[in-house]
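Please read the structure below before turning to the comments.
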Amino acid sequence: MYNLQEENELIRLARQGSTAACEKLLTAYTGLLKNMRHRYAHTPTGKILDDDMQGILQLAFMEAIYAFEPARGINFAAFLQSRLHGAIYKAFKNACSYGSHTAHPTLPDDTDSVSYFDTLENHQPSPERQLLVQENLQAILSELNTAEKELLQLIYIREVPQKAAARLLNITPQAVSKRKQKLIAKIKKLA
């Protein structure tokens, strides 16, 4: 590793186009680049970007060299790490938004003529499941008192904000929050 003056000199030379200075800096920070690459490799988006990750990080490294200002008194390693995080975040964001902006979802590789929507699972509950849920819900509602039912209806059915519900019930917003927490705990206990 280099001391602060040597590192700042290498950065200055790298900005002027010295490939030797760039290589020395890159060699010094190879461990950080590898760490950043492996840190996100286990995520689903990280797996998608795995082939591109080295290039993304190296480009961010070069951009950090040109954006770094030693006069600010910031350590280059800290500056570089924040730049690498930013580059990875931007790449993740672009990769995630790409799938949501495509006109047609992509098919799995093993399907040729099957419609994409035919491959989706049916998440419609069975009639038996619907009946069971309805019976459980009725049993829970029968255990609630009038004030709890009124609070439940205001907050979850009519979607009234807690402050407005407090005004309607003539109580403080803190009391609404406390009653809501107790109501949730009671419903979880009954369910």
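The values are calculated or read from the model by the stated rules, or taken from the named source; none is laboratory data. Just so it is clear, the structure is predicted and the values come from calculations on it, not from any experiment. All Cβ positions, even for glycine, are placed from backbone atoms using ideal geometry, and neighbour counts span all protein chains on display.
Within the range 126-135, does at least one residue satisfy the condition of being more than 15 Å from LEU190 (Cβ to Cβ), surrounded by 12 or more Cβ atoms within 10 Å (Cβ to Cβ) and among the polar types (S, T, N, Q)?
No, there is no match, as no residue in the range 126-135 is more than 15 Å from LEU190 (Cβ to Cβ), surrounded by 12 or more Cβ atoms within 10 Å (Cβ to Cβ) and among the polar types (S, T, N, Q).
So which residues in the range 164-191 are more than 21 Å from VAL133 (Cβ to Cβ) and loosely packed, with under 11 Cβ neighbours inside 10 Å?
Once the filter is applied, which keeps residues that are more than 21 Å from VAL133 (Cβ to Cβ) and loosely packed, with under 11 Cβ neighbours inside 10 Å, the range 164-191 yields ASN170, GLN174, GLN181.
Condition first: buried (at least 16 other Cβ atoms within 10 Å of the Cβ), at pLDDT 80 or above and over 24 Å from ASN3 (Cβ atoms). Can you find one or more residues in the range 66-83 that meet it?
no
Can you pull out every residue in the range 139-187 that is of a type in the set (Asp, Glu) and either free of Cβ contacts under 8 Å to residues at least 24 places away in the same chain or touching a Pro at 6+ places or on another chain (Cβ under 6 Å) (or both)?
Across the range 139-187, the qualifying residues are GLU150, GLU159.
Collect the residues in the range 1-33 that are charged (D, E, K, R) and closer than 16 Å to ARG83 by Cβ, keeping them in residue-number order.
GLU7, ARG15, listed by residue number.
Across the range 154-175, what is the total count of residues that are within 32 Å of the chain's Cα centre (by Cα), over 16 Å from ALA185 (Cα atoms) and not charged (D, E, K, R)?
Total meeting the criteria: 9.
Going by the conditions given, is LEU59 assigned to a helix (DSSP H, G or I) and farther than 30 Å from ALA95 by Cα?
no
Does the range 28-40 contain any residue that is more than 16 Å from ILE88 (Cα to Cα), surrounded by 12 or more Cβ atoms within 10 Å (Cβ to Cβ), in the same structural domain as LYS93 (by TED's automatic domain parsing) and among the aliphatic types (A, V, I, L, M)?
yes
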